[in-house]
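Below: one structure, written as structure tokens.
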Amino acid sequence: MANYADYLSHFNYNIEFRTTKENVNADYCSRAPVSIQRKLTNKEEGEEAEQFDDFDYFILNQVRQLPIRAEQISRETRKDPHLGKIVQALQSGHNLTSAGYKAPEANYTLAANCLLFEHRVVVPSSLRQPILEDLHAAHLGIVKMKGMARSFVYWPGIDADIERVAKACTQCAEHARAPPQMRNHHWEYPRGPWERIHVDYAGPVAGVMLLIIVDAYSKWMEVKPTNSTTSTATIAILDELFTAYGAPITIVSDNGTPFTSAEFQKIL
């Protein structure tokens, strides 16, 4: 920050606040790189690469932010059994469509011995895992990982690979737009009456609460009015029913306080 402040101190300027809606004059034309041709030299082989424009040059420079370098991508691309043939075809001046390649491969271009697809670097299979690990390092979730990848890199099936990595990570799940849906739990049908009962409170109705008990087997319902929903009052009502019908094997509730207290657990 000190370097920026020192640099800006050489200029006379006024800073004015402008809302986002008003700040619309920073358009594409003022930011787009000038379309000129550049040449890069392959440092490993001392050979001059083909010419390509500034935008491709910018994309290749961005690869330096990744855990691999452009030289590695170039070397591994030439070694790749499939991508290496595409590189050879482009270097020989062949049209990929005429050579039998279909989209998206037919749209690949070559810059500094690296394949590009829509200005994204095509990553060979041997280097995809480090890229996935780097994209996943911040645990940003599927959507943001895809957004980052679409800025710089490409390979067939990259979206599916990102989804596979993110779905296997609990931290990424926290950033998901919608949490994964839970499967519905279906109770097994009981073998006889009063084997499993479902209990819950409803109300207030006419100033009182209603304890509702339903037998899962026969669908018989008992509704008991009460002025209190404490565990003590709940146990008293259930004791009355258990005396009449017997004690059930399973009691299902919504885990409300009357059904989860230590006092209630003693009767189970």
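Tabulated data for the structure shown
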read-out: Residue in region 197-213 that is of a type in the set (V, I, T) and touching a Ser or Thr at 6+ places or on another chain (Cβ under 6 Å) present; value: yes
read-out: Any hit, region 106-114, residues being in contact with a Phe, Trp or Tyr (Cβ under 7 Å, 6 or more places away or on another chain) and in contact (Cβ under 8 Å) with a residue 60 or more places away in the chain; value: yes
read-out: Subset of region 119-152 (residues that are closer than 11 Å to C172 by Cα and in a helix (DSSP H, G or I)); value: H136, I142, V143, K144, M145
read-out: Condition check for A247: free of Cβ contacts under 8 Å to residues at least 24 places away in the same chain and surrounded by 13 or more Cβ atoms within 10 Å (Cβ to Cβ); value: yes
read-out: Residues (farther than 19 Å from T257 by Cα and of a type in the set (V, I, T)) located in region 190-213; value: V205
read-out: Region 110-135, residues that are surrounded by 18 or more Cβ atoms within 10 Å (Cβ to Cβ) and within 16 Å of R164 (Cα to Cα); value: I131, L132, L135
read-out: Flag if W220 is on the phi > 0 side of the Ramachandran plot, in contact (Cβ under 8 Å) with a residue 12 or more places away in the chain and not β-branched (V, I, T); value: no
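Each value in this text was obtained by applying a stated rule to the coordinates, not by laboratory testing. No experiment lies behind these values; they were computed from the predicted model shown. Glycine gets a Cβ as well: all are built from the backbone with ideal geometry, and neighbour counts include every protein chain shown.
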